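**Q** Structure provided below as structure tokens; questions to follow.
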Amino acid sequence: MNRIDVTFKDLRKNGKKAFIAYLTCGDPDLKTTAECIKVISDNGADIIELGVPFSDPLADGPTIQVASQRALKNNVSLAAIIKMVSKIRSKIDTPLVLMTYYNPVFHYDIRNFVQDAKKAGVDGVIIPDLPPEEASQIEMFARKLELATIYFASPTSSEQRKKIAISHSRGFIYYVSTTGVTGKRTNLPDSIKKDVKNLQKITSKPICVGFGISTPAQAKKIASFADGIIVGSAIVEKIDTAKSKREMIKSLGTFIKQMAKAVSI
Amino acid sequence: MNKKNIPMPNKTGYFGIFGGKFMPESTMRALEELETAYRKYKNDKDFVKELNYYLKDYVGRPTALYYAQQLSKAIKGPKIYLKREDLAHTGAHKINNTMGQAILAKRMGKKRIIAETGAGQHGVATATACALMKMECHIYMGKEDIRRQRLNVLRMKLLGAEIIPVTSGSCTLKDATNEAIRDWVTNIRHTHYIIGSIIGPHPYPMIVRDFQCIIGKESKKQIMEKEGKLPDYLIACVGAGSNSIGMFYPFHDTNVKFIGIEAAGYGIKSGKHAASLVIGELGILHGAKSYLLQDENGQVQNAHSIAPGLDYPGVGPEHAFYKKTKRAEYFAVTDKEALEGFDLLAKTEGILPALEAAHAIAGLKKIARKFKKKDVVILCLSGRGDKDVDIVAETFKLQ
């Protein structure tokens, strides 16, 4: 069984929700990323999303754009990230999901990517610019190796498209809280609750909500009805604004612990 | 060659293996709605009537097909005709598409328009259509392009558009497109994104091509009147590829040969160019699969061209299809050659071409000897050069 499925099975058994933490790999460098992953895992994140930097991140807001540019300045590649995963896999058992735009995967070669990622210990993949209709090739390889393919549903998705996202998703379905790009938001629409509940009526697969969530209060509110919440830009900011590595590890650990606690109550 | 009975693109937006719809989920519904609306209106009597009215009385179509006798003589080549898109209102072919899309957006009930622009010609054409149709207009433009196309920036402002400077990446067309897509993802419910070229996810490459096809359709009719036969060659510059596809497509089921000229910038070997068809690799950018300038890790590389409208690392999927099936031939000319092309047309014909179109002139000059004397060539003069006089004057050291 895929680690993501095991995680949700356990959480559900205990009536708990998932806290999914995102960070951009290679920001500021891959060695630091590996340390951060350990900190995030140790402080209670249930799943970790590993952002693969891309030159044209059109679904991302300023925080992740800047983080990606910093990583690319250090020539951080998809291949190097997969290698890093294989090194840290023995140290943590938390499910790891790669979040990448399609071109780096396409250029790597789809079959080799699925094989190498799985072998390194990656459990799933999220590709924001790859809708299910364009994903037949990657799904063919991913199904064989049980690498989860996670798709998006959004407030503008038609009923038919929601069903497509659900049927093609493995692991969980990523519900986008609001139309737009990634990044912190003060106000999240009240309609999320209704939308998530509607999705839950037509599937038993976990529905996790991301985009815009940055505070424990927001996390707690959304985790009361969703199966999990995803936090990205707020974590990247903690990594980017720290004055020293020590301070960063400390503030990152504190924040993750806070968010994990908010989700678990 | 594409058979007449196979529609291009197919239902899923593919031209052979190129094209598709590689976009965030939030945009998918809007893309579906756009396709439905477009298919509904493109043959709608009132829509066609309104568009044709504006194209004729407002844009000034048909644009002239001019026999460039002095240019033909100067390069000792074939008989050259210029399709004068530079004479269209706003000074370039871009208005053909923005008028069509603005009228479509109005029918769809969208009140806010966004667009990306490189040379500023598409931005000006969008701002113009929005002023005419009374729509709110926001133009994304790279900081670097704002600097080098000041005239067009001022024109857009005077037309009432808001210019949003883009400071990410190379600060040019690619980055302006990213930023426009981000805006669209956010404001998808009430905003229409007027893409300026045959790029982006399906149905954009089809819609923009169809609106630009008027260039080729008119040329076909005009050359029959003047020469009594179809031309032997069509030649046009290719950035992302809208003026060239607009010229080529109506001839796709004939034997007329197509030549596309890309920007070689400082030279292909320098790595600073925009020749995505000549040496790009297959990849995905801005919603479509096509040829792309990218590095060994699949990161998109910055393009370079003296012509801001060609300064783009990708190319429309239909051109990629033409290249792969050898329906068209593509090669590139450098910044320097393009400037020589600019000078040549100015001195022989008294026309200042846009630097983009100057690439087509330079390309034609480069292969002049390969033509037969009796060959008839139509070159798409996609825009006028007023916007470029600063750059050219600087290079020629004019006071």
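The values are calculated or read from the model by the stated rules, or taken from the named source; none is laboratory data. Computed from a predicted model, the values in this text were never measured in an experiment. Cβ: placed from backbone, ideal geometry, glycine included. Neighbour counts: every protein chain shown. Just the protein is used for accessible areas: all its heavy atoms, side chains included, with ligands, DNA and RNA removed. Shrake-Rupley method; radii C 1.70, N 1.55, O 1.52, S 1.80 Å.
**Q** Any idea which residue in region A:158-176 is nearest to the other protein chains (Cβ to nearest Cβ), counting only those that are assigned to a loop (DSSP other than H, G, I, E, B) and in contact with a helix residue (DSSP H, G or I) (Cβ under 6 Å, 6 or more places away or on another chain)? Walk me through it before giving the result.
**A** In the first step, residues of region A:158-176 are kept if they are assigned to a loop (DSSP other than H, G, I, E, B); the result is A:158, A:169-172.
Checking which are in contact with a helix residue (DSSP H, G or I) (Cβ under 6 Å, 6 or more places away or on another chain) leaves us with A:158, A:171.
Values: A:Ser158: 6, A:Gly171: 16 Å.
The residue in question is A:Ser158.
**Q** Oh, and also: What's the total number of residues in region B:282-314 that are more than 14 Å from every other protein chain (Cβ to nearest Cβ), open to solvent by less than 10 Å² (accessible area, probe 1.4 Å) and aliphatic (A, V, I, L, M)? Full working, then the answer.
**A** Taking region B:282-314 as the starting set, the residues that turn out to be more than 14 Å from every other protein chain (Cβ to nearest Cβ) are B:304-311.
Filter once more, keeping what is open to solvent by less than 10 Å² (accessible area, probe 1.4 Å): B:305, B:307-308, B:310-311.
Still in the running and aliphatic (A, V, I, L, M): B:307, B:310.
The total comes to 2.
**Q** If you go through region A:110-142 one residue at a time, how many are in a helix (DSSP H, G or I) and surrounded by fewer than 24 Cβ atoms within 10 Å (Cβ to Cβ)? Give the steps one after another, and end with the answer.
**A** Just the residues of region A:110-142 that are in a helix (DSSP H, G or I), to begin with: A:110-120, A:132-134, A:136-142.
Filter once more, so that each one left must be surrounded by fewer than 24 Cβ atoms within 10 Å (Cβ to Cβ): A:110-112, A:115-116, A:118-120, A:132-134, A:136-142.
Within region A:110-142, residues that are in a helix (DSSP H, G or I) and surrounded by fewer than 24 Cβ atoms within 10 Å (Cβ to Cβ) number 18.
**Q** Let me ask something else. Tell me which residues, restricted to region A:41-76, are within 13 Å of chain B (Cβ to nearest Cβ), small (Gly, Ala, Ser) and surrounded by 23 or more Cβ atoms within 10 Å (Cβ to Cβ). So that I can check it myself, show each step before the final result.
**A** Our first condition is that a residue be within 13 Å of chain B (Cβ to nearest Cβ); within region A:41-76, this holds for A:52-76.
Filter once more, so that each one left must be small (Gly, Ala, Ser): A:55, A:59, A:61, A:67-68, A:71.
Hits for region A:41-76 are A:Ser55, A:Ala59, A:Ala67, A:Ser68, A:Ala71.
**Q** Could you list all residues from region B:151-181 that are in contact with a helix residue (DSSP H, G or I) (Cβ under 6 Å, 6 or more places away or on another chain) and open to solvent by 40 Å² or more (accessible area, probe 1.4 Å)?
**A** Scanning region B:151-181 gives B:Leu151, B:Arg155, B:Leu159, B:Gly160, B:Pro165, B:Thr167, B:Gly169.
**Q** Can you pull out the residues in region A:143-157 that are assigned to a loop (DSSP other than H, G, I, E, B) and surrounded by fewer than 23 Cβ atoms within 10 Å (Cβ to Cβ)? Outline the logic, then answer.
**A** First, pick out the residues of region A:143-157 that are assigned to a loop (DSSP other than H, G, I, E, B): A:146-147, A:151, A:154-157.
Passing the criteria: A:Glu146, A:Pro155, A:Thr156, A:Ser157.
**Q** Still on this model: Hey, among B:Ile223, B:Ile268, which residue is more than 16 Å from the chain's Cα centre (by Cα), open to solvent by 40 Å² or more (accessible area, probe 1.4 Å) and among the β-branched types (Val, Ile, Thr)? Before you say what the answer is, go through the steps one by one.
**A** Numbers: B:Ile223 fails: open to solvent by 40 Å² or more (accessible area, probe 1.4 Å).
It is B:Ile268.
**Q** When you go through (1) in contact with a helix residue (DSSP H, G or I) (Cβ under 7 Å, 6 or more places away or on another chain); (2) touching a residue at least 60 places away in the same chain (Cβ under 8 Å); (3) more than 10 Å from chain B (Cβ to nearest Cβ) one by one for A:Thr149, which number turns out not to apply?
**A** Evaluating A:Thr149 over (1) in contact with a helix residue (DSSP H, G or I) (Cβ under 7 Å, 6 or more places away or on another chain); (2) touching a residue at least 60 places away in the same chain (Cβ under 8 Å); (3) more than 10 Å from chain B (Cβ to nearest Cβ) leaves (2) as the failure.
**Q** Here is a further query. Count, please, the residues in region B:57-87 that happen to be in a helix (DSSP H, G or I) and either modelled with pLDDT under 95 or surrounded by 16 or more Cβ atoms within 10 Å (Cβ to Cβ) (or both).
**A** Looking only at region B:57-87, we keep the residues that are in a helix (DSSP H, G or I), and these are B:57-59, B:69-74, B:85-87.
In the following step, the residues that additionally are either modelled with pLDDT under 95 or surrounded by 16 or more Cβ atoms within 10 Å (Cβ to Cβ) (or both) were identified as B:59, B:71-72, B:74, B:85-87.
Summing the residues that are in a helix (DSSP H, G or I) and either modelled with pLDDT under 95 or surrounded by 16 or more Cβ atoms within 10 Å (Cβ to Cβ) (or both) in region B:57-87 gives 7.
**Q** Still on this model: Just to be sure before I move on: is A:Asp29 open to solvent by 10 Å² or more (accessible area, probe 1.4 Å), out of contact with any His (no Cβ under 6 Å at 6 or more places or on another chain), more than 14 Å from chain B (Cβ to nearest Cβ) and farther than 25 Å from A:Thr215 by Cβ in the structure I sent?
**A** Working: open to solvent by 10 Å² or more (accessible area, probe 1.4 Å): yes; out of contact with any His (no Cβ under 6 Å at 6 or more places or on another chain): yes; more than 14 Å from chain B (Cβ to nearest Cβ): yes; farther than 25 Å from A:Thr215 by Cβ: yes.
It is true that A:Asp29 is open to solvent by 10 Å² or more (accessible area, probe 1.4 Å), out of contact with any His (no Cβ under 6 Å at 6 or more places or on another chain), more than 14 Å from chain B (Cβ to nearest Cβ) and farther than 25 Å from A:Thr215 by Cβ.
**Q** Just need a number here: residues in region A:89-109 that are more than 9 Å from chain B (Cβ to nearest Cβ) and open to solvent by less than 10 Å² (accessible area, probe 1.4 Å). Talk me through it step by step, then tell me what you get.
**A** To start, the set of residues in region A:89-109 that are more than 9 Å from chain B (Cβ to nearest Cβ) comprises A:89-100, A:109.
Keeping just the survivors that are open to solvent by less than 10 Å² (accessible area, probe 1.4 Å) gives A:95-98, A:100.
Qualifying residue count for the region: 5.
**Q** Return a yes/no flag: does region B:16-29 have any residue that is surrounded by fewer than 16 Cβ atoms within 10 Å (Cβ to Cβ) and within 14 Å of chain A (Cβ to nearest Cβ). Can you show your working first?
**A** So in region B:16-29, the residues surrounded by fewer than 16 Cβ atoms within 10 Å (Cβ to Cβ) come out as B:17.
Subsequent filtering for residues that are within 14 Å of chain A (Cβ to nearest Cβ) retains B:17.
Yes, region B:16-29 contains a residue that is surrounded by fewer than 16 Cβ atoms within 10 Å (Cβ to Cβ) and within 14 Å of chain A (Cβ to nearest Cβ).
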